[in-house]
Every structure is written in C-alpha cells, then in structure tokens.
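Quick notes on the structure that follows.
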Amino acid sequence: MRRLFLVGLTIAFAPSLSAQTVTRVQSEIDRRARELEQKVVAWRRDFHQNPELSNREFRTSKIVAEHLQKLGLEVRTNVAHTGVVGVLKGGRPGPVGALRAEMGALPVGE
C-alpha cells in the first residue's frame, strides 16, 4: 500500500516523465522506503507503548518537533495546544500541499 501511494504521487506530479524515468524514481522510492522502514516501525511501536490523550501529547509532540527540526524544516510548536507544524518551503511559487496526522490516543481499556 505504501509503495502504491508513493508511486501514485510520482506519476500524478510528473505526467511528462518517460516510463524509464518513472521506473527509476519508483526504484529510488523503494530503496529509501526500505532504509526507513525499521525506524518508522520503531516510532510506531514507541508511540503506541506511550499513548497520550488528545491535547496532552507532550512527549509525542516533542519527538515529532525534534525530528522535523533535524530534517531542516521550519517548526512551529504549541499549535492548538500540543500540535506541531513543519513548514517545507520550495524554491518556486506554485501549489501548496498539506499532510495532517493525528497524534492523540483514545481512552479505551484493554
């Protein structure tokens, strides 16, 4: 599913690329996804082992903000209490995109 989503993005944003270029881009996406997979799995496990209720995600938002800063993004914290925004600025004018992720856990008994 992850690969299909990334490949779909590649094709959607670059309709004029040749099939050979698209194949190279797909291969590069696959390679980078494999490199990051264990790190992402570790984050997911950590966040699920340390759940925080909505508007109380102090630990989670700190981890997210620190990672976005390491990536070189402009980071805004305390957005609507514990929210984090990472701003990636492009070098050209044009369309703007956004990605939203939920950090809060639900208060359920197990």
**Request:** Please work out if Lys70 is out of contact with any Leu (no Cβ under 6 Å at 6 or more places or on another chain), open to solvent by 100 Å² or more (accessible area, probe 1.4 Å) and more than 23 Å from Ala105 (Cβ to Cβ).
**Result:** yes
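Is it fair to say Gly109 is over 15 Å from the mean Cα position of the chain (by Cα) and either among the basic types (Lys, Arg) or open to solvent by less than 90 Å² (accessible area, probe 1.4 Å) (or both)? Show your work before the answer.
Details: over 15 Å from the mean Cα position of the chain (by Cα): yes; either among the basic types (Lys, Arg) or open to solvent by less than 90 Å² (accessible area, probe 1.4 Å) (or both): yes.
The answer is yes for Gly109.
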**Item:** Scan of segment 78-110 for residues that are over 16 Å from Glu52 (Cβ atoms) and in a strand (DSSP E or B), ordered by number
**Value:** Val85, Gly86, Val87
**Message:** Between a residue in segment 58-85 that is in contact (Cβ under 8 Å) with a residue 40 or more places away in the chain and any residue that is in a helix (DSSP H, G or I), which pairs come within a Cβ distance under 8 Å, given they are 6 or more apart or on different chains?
**Reply:** Thr60/Phe47
**Request:** Might you let me know whether segment 32-39 holds any residue that is in a loop (DSSP other than H, G, I, E, B) and modelled with pLDDT of 85 or more?
**Result:** no
**Request:** With the checklist (1) closer than 25 Å to Gly109 by Cβ; (2) part of a helix (DSSP H, G or I); (3) open to solvent by 70 Å² or more (accessible area, probe 1.4 Å) in hand, flag the one item Asp46 doesn't pass.
**Result:** (3)
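The values are calculated or read from the model by the stated rules, or taken from the named source; none is laboratory data. Given the structure is predicted, the values throughout are model-derived calculations rather than measurements. Neighbour counts run over all protein chains shown; Cβ positions are idealised from the backbone, glycine included. We work out accessible area using only protein heavy atoms, side chains counted, and drop any ligands, DNA or RNA first. Shrake-Rupley method; radii C 1.70, N 1.55, O 1.52, S 1.80 Å.
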